[in-house]
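See structure below.
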């Protein structure tokens, strides 16, 4: 009402719905202001009086308008007031959702199903926004220009130079699925990348359904030191003094990272809540789920196919709603494993849901994995061929698809660019 720039009134009115005011009289007053703007393009006391509903106390409402006008320092701060109204409205919705949730939980028969429904209701209430949440193209373009000026990358490097040169790394926010046969190195590749991301300061949480925290620790120590820690565990071997020093140094380096391992069987909503709790402490991070097919059922999602579909939907929510990078390790179906062919998008166990929800799909394939060492192969050549790993990007919303060859050192648990001897053995 106070602004001399009449276009601003239309912007303010579109930002704040009249139903978002806590005080009913304020809600009615704001609705009347909106009617004036729509019908006349401006607001004054006479127009405001005509916009009031029959039976309303016009003098009281106009007096309220005058009182509100006196308490507003300047119309130029409208965006601050609009934010207050909208935020208080969202908080009231959240409070009501929490009250409803408490009542549902107190009466719950099936705890898992109730928790999932309650989390959805609270999430919707917490994310409630204005009626029109579209982003104007020009605003998005200006934001893009600001990002370019700040040199703010939307992808993060994996630390694998060949992969980063070819595919520009992984999306900072998104859902990445990694396919692979058993023992192909897909989990190890994921941990290689996770260490690099943690070293860059990103919180990492590994939700492991295949290996416990001790085995993951062994992989990480092998990766950092080049020592075969897994074989030591199997043999009960004690490291010597030099090896102990190298391991201690690696542990000290890892202590500077926010790298957590969750090896208890959380369901998909449980993973969401865990990431949500980490996000409250700071910026979004990286969630590694190994394997997506091994997530336990919850509520009505007990059978494999619907469980995978719903689990992938929750992984996408972690990526979209919380702003995380989610790396989901996935098994291949039995027929593909039996034939040992190069993985395709159709070979993932539950492939339709994985393809639908993933922003990027990467396959890990070792073409000589089943090759047996016999008299026809020289031992070193066989070793080189065992290390060959084809890493293929089958789907990529952020860049090109394609394949690269990496060397997978199974003793050191490390992926790297192949050397000349290895490449010669692969030809």
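Some points to look at:
- Counting only Cα atoms, the size of the range 153-363 along its three principal axes is 52, 43, 39 Å, in decreasing order.
- Footprinting exposure proxy for 98, 36 (fewest neighbouring C-beta atoms within 10 Å first): 98, 36
- Separation of alpha-carbon centers, the range 390-423 and the range 134-164, rounded to whole Å: 25
- Taking all pairs of distinct alpha-carbon atoms in the range 271-348, Kirkwood radius in angstrom: 13.9
- Distance from the Cα centroid of the range 271-289 to that of the range 49-72 is 48 Å (rounded to whole angstrom).
- Once you reduce the range 197-245 and the range 303-369 to the center of their Cα atoms, the two points are 26 Å from each other.
- Residue of 300, 204, 278 that the Gaussian network model of the chain assigns the largest fluctuation, springs spanning Cα pairs under 10 Å: 300
- Whether the range 203-281 is rounded, prolate or oblate, judged on the alpha carbon gyration tensor where a/c under 1.5 counts as rounded: oblate
- Once the Cα atoms are used to define both axes, helix 6-15 deviates from the longest principal axis of the chain by about 50 degrees.
- Extended-chain gain in nm, criterion 0.36 nm per residue less alpha-carbon gap, residue 183 and residue 341: 55.4 nm
- Classified by the C-alpha gyration tensor, the range 6-72 has a rounded form. Its axis ratio a/c, with a ≥ b ≥ c, is below 1.5.
- Residue-averaged 222 nm ellipticity for the chain, from DSSP H runs of 4+ at -39500 (n - 2.57), nearest 500: -16500 deg cm²/dmol
- Evaluated at q = 0.08, 0.12, 0.14 Å⁻¹: base-10 log I(q)/I(0), Debye formula over Cα of the chain: -0.61, -1.05, -1.28
- Protection proxy ranking, highest mean first, for peptides 379-390, 57-68: 379-390, 57-68, where packing is the per-residue count of other beta-carbon atoms within 10 Å, averaged.
Laboratory data are not the source of any read-out in this text; all were calculated from the coordinates shown. Note that the structure is predicted; figures quoted are calculated from it, not measured. A quick note on method: Cβ atoms are made from the backbone with ideal geometry, for glycine too, and the neighbour counts reach across all protein chains shown.
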